[in-house]
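Here the structure is laid out as structure tokens; the discussion comes afterwards.
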């Protein structure tokens, strides 16, 4: 069993839809949770960073962490074609975002 | 944040040869990380490189295959040695100057 599981998709939705991306994990030591966005032929770009359980909102993006269920989510509201990318969840047990363990990534397409 | 550049951006190599990938950061950082992203797969940490000491390798990766140098606080190299087609991948370096980890654009390697 992988430490972090993420549905690879692909996921295709119409512009303006609410998108929900999810990851589950097995290591209860994970404390730091991140979402990265990766455009084709580019390096991952940090979108959201969350410590422990709870919600965090940044513009159209909301990250949720439920440590009791070992489940994290990223919601994208009012999705735009420019949001089309691969979204990777990542986790770490060590402060400073070291030794990240990544999910497989979900390929998302927003159709105009 | 940190601005990271990598050279080369891509290369096509013959089986049995070696390739050295360079990573340059625009600020001094204690730790640099090297990841591999195989086709359709997520990012896997190869090793952590501290300036002035031997790199620390993750399970499944060895120094003879992936020697790393870290001559100063803004630069590191990763060599992929005695390459086989299975080494075809994207190689990314990253840094964590604070609680967040930032990635370079990656080096796309194809081994024939």
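The values are calculated or read from the model by the stated rules, or taken from the named source; none is laboratory data. From a predicted model like this one, the values you see are computed outputs, not experimental measurements. In this analysis, Cβ positions are derived from the backbone assuming ideal geometry, glycine residues included, and neighbour counts consider all displayed protein chains.
Could you pull out the residue among A:70, A:42 that is on the phi > 0 side of the Ramachandran plot and surrounded by 14 or more Cβ atoms within 10 Å (Cβ to Cβ)?
Values: A:42 fails: on the phi > 0 side of the Ramachandran plot.
Checking each option against the conditions leaves just A:70.
Go through the stretch B:95-111 and count every residue that is facing another protein chain (nearest Cβ under 8 Å) and in contact with a strand residue (DSSP E or B) (Cβ under 8 Å, 6 or more places away or on another chain). Please lay out each step first, then the result.
Filtering the stretch B:95-111 for residues facing another protein chain (nearest Cβ under 8 Å) gives B:96, B:98-106, B:108.
If we keep only those that are in contact with a strand residue (DSSP E or B) (Cβ under 8 Å, 6 or more places away or on another chain) as well, we get B:96, B:99-106, B:108.
Final tally of qualifying residues: 10.
If I filter the stretch B:5-18 for residues that are at pLDDT below 95, farther than 17 Å from residue A:43 by Cβ and part of a loop (DSSP other than H, G, I, E, B), do I get at least one hit?
Taking the stretch B:5-18 and keeping what is at pLDDT below 95, we get none.
No, there is no match, as no residue in the stretch B:5-18 is at pLDDT below 95, farther than 17 Å from residue A:43 by Cβ and part of a loop (DSSP other than H, G, I, E, B).
For residue B:101, work out the one condition from (1) loosely packed, with under 14 Cβ neighbours inside 10 Å; (2) within 15 Å of the chain's Cα centre (by Cα) it doesn't fulfil.
Every condition holds for residue B:101 apart from (1).
If residue B:27 passes every condition in (1) in contact with a strand residue (DSSP E or B) (Cβ under 6 Å, 6 or more places away or on another chain); (2) assigned to a loop (DSSP other than H, G, I, E, B) but one, which one does it miss?
(1)
Mind checking which residues of the stretch A:1-59 are more than 23 Å from residue A:84 (Cβ to Cβ), away from every other protein chain (no Cβ under 14 Å) and more than 15 Å from the chain's Cα centre (by Cα)?
Listed by number, the residues that qualify are A:1, A:26, A:27, A:28, A:29.
Those residues that are within 17 Å of residue A:106 (Cβ to Cβ) and not in a loop (DSSP other than H, G, I, E, B), I need them from the stretch A:15-32; list them, please. Don't jump to the end; show me each part of the working.
We begin by selecting, within the stretch A:15-32, every residue within 17 Å of residue A:106 (Cβ to Cβ); these are A:17-25.
Once the filter is applied, which keeps residues that are within 17 Å of residue A:106 (Cβ to Cβ) and not in a loop (DSSP other than H, G, I, E, B), the stretch A:15-32 yields A:19, A:20, A:21, A:22, A:23, A:24, A:25.
Is it the case that some residue within the stretch A:66-87 is touching a strand residue (DSSP E or B) at 6+ places or on another chain (Cβ under 7 Å), within 13 Å of chain B (Cβ to nearest Cβ) and modelled with pLDDT of 90 or more?
Yes; the residues of the stretch A:66-87 include at least one that is touching a strand residue (DSSP E or B) at 6+ places or on another chain (Cβ under 7 Å), within 13 Å of chain B (Cβ to nearest Cβ) and modelled with pLDDT of 90 or more.
Every residue in the stretch A:88-112 that is outside any strand (DSSP E or B) and within 14 Å of chain B (Cβ to nearest Cβ), please. Even if it seems obvious, please write down each step before you answer.
We begin by selecting, within the stretch A:88-112, every residue outside any strand (DSSP E or B); these are A:93, A:95-97, A:99-100, A:103-105, A:112.
Answer for the stretch A:88-112, where residues must be outside any strand (DSSP E or B) and within 14 Å of chain B (Cβ to nearest Cβ): A:93, A:95, A:96, A:97, A:99, A:100, A:103, A:104, A:105.
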